[in-house]
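Only one structure is covered here, and it is reproduced in the block below.
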Amino acid sequence: MKEYLDNLRKKYETKDFIKDDPIQFPHFFKNDIKNLEVMGFIASIFAFGKREQFILKLNSILEFSNYNPYEFILNIEKNEDKLKKFYYRFYKDTDIIALFYIIKEILAEYETLGNFFYEKRNNNHKILIQNVYEKIQNSKYNPKTQGFSFMISNPARNGANKRMNMFLRWMVRGGEVDFGIWDFLDKKNLIIPLDIHAGNVSRELNLLKRKQNDCKSAYELTQKLKEFDPNDPIGYDFALFGAGVNKEKLHVLVSV
């Protein structure tokens, strides 16, 4: 099983992965960490639904911001009108504007998102995500709408926290795809960004028993992947997600 997963990981953890994935957006800023972090955070929040739809929306945000989302957010009062009538699925324009005001609030206090996550760091990444959630939840700009609640979901509700775990993977892991710019967090503590693709492949390979794609399943699968690579278990996200989204025929169906 390890050899099979390693081969899938090598197949999908390549630069070619970037062009169809939301990680393409922070890759615009590989030499500009402030913008990389901000665009990565925004991209992760929009990364649900059909790829072509959220990629279109994220391209629009790049255009609105003149390819400088960090400065765009610092000047959100002047730029707010550009986001009027801009929405995506559950997110109304007021939700998106509120998100940008909250990011500005964080940047005003910490200068960078990296500094913010550094202060909220914890070896238990569920606690880290809870710390981040509470800061955002308590902001005066939080509209407390259904759409905004979906943007930044409450870890205490036992969801898989897929988008936040994906963002942390981007920032913490290195390699051809991920950035590895946050050395204050250890990649061995990352939690797999469990989605329907990784979940289905994991069950077909008998790596995951639970049927729900929730927090417990994400932890269960992460622990199983540590048996194959204890120092970088989430590297197998590429294998599981890549095989799922590409509808790859799975050749190894064994109990592990």
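Observations, loosely collected:
- The number of residues in region 24-40 being under 12 Å from Asn59 (Cα atoms) and either under 13 Å from the mean Cα position of the chain (by Cα) or crowded, with 20+ Cβ neighbours inside 10 Å (or both) comes to 4.
- Enumeration of residues in region 113-140 that are aromatic (Phe, Trp, Tyr) and surrounded by fewer than 16 Cβ atoms within 10 Å (Cβ to Cβ): Tyr118
- The lone exception for Glu77 - which of (1) modelled with pLDDT under 95; (2) of a type outside the set (A, V, I, L, M); (3) open to solvent by 60 Å² or more (accessible area, probe 1.4 Å) it fails: (1)
- Helices (runs of 4 or more DSSP H) contained entirely in region 20-134, each with at least 3 residues that are among the polar types (S, T, N, Q) and farther than 15 Å from Met151 by Cα: 51-64
- Selection status of Asp81, in contact (Cβ under 8 Å) with a residue 24 or more places away in the chain and among the charged types (D, E, K, R): no
- Residue list for region 75-101, filter: farther than 15 Å from Ile61 by Cβ and under 19 Å from the mean Cα position of the chain (by Cα): Phe90
- Breaking point among (1) more than 28 Å from Asp20 (Cα to Cα); (2) assigned to a helix (DSSP H, G or I), for Pro143: (2)
- Considering only residues in region 145-168 that are aromatic (Phe, Trp, Tyr) and surrounded by 21 or more Cβ atoms within 10 Å (Cβ to Cβ), the one that is farthest from the chain's Cα centre (by Cα) turns out to be Phe148.
The values are calculated or read from the model by the stated rules, or taken from the named source; none is laboratory data. Predicted, not measured: the structure shown is a model, and the values here were computed from it. So basically every Cβ, Gly included, is an ideal-geometry build from the backbone, and we count neighbours across all protein chains shown. Side chains included, ligands, DNA and RNA excluded: accessible areas come from the protein's heavy atoms. Shrake-Rupley method; radii C 1.70, N 1.55, O 1.52, S 1.80 Å.
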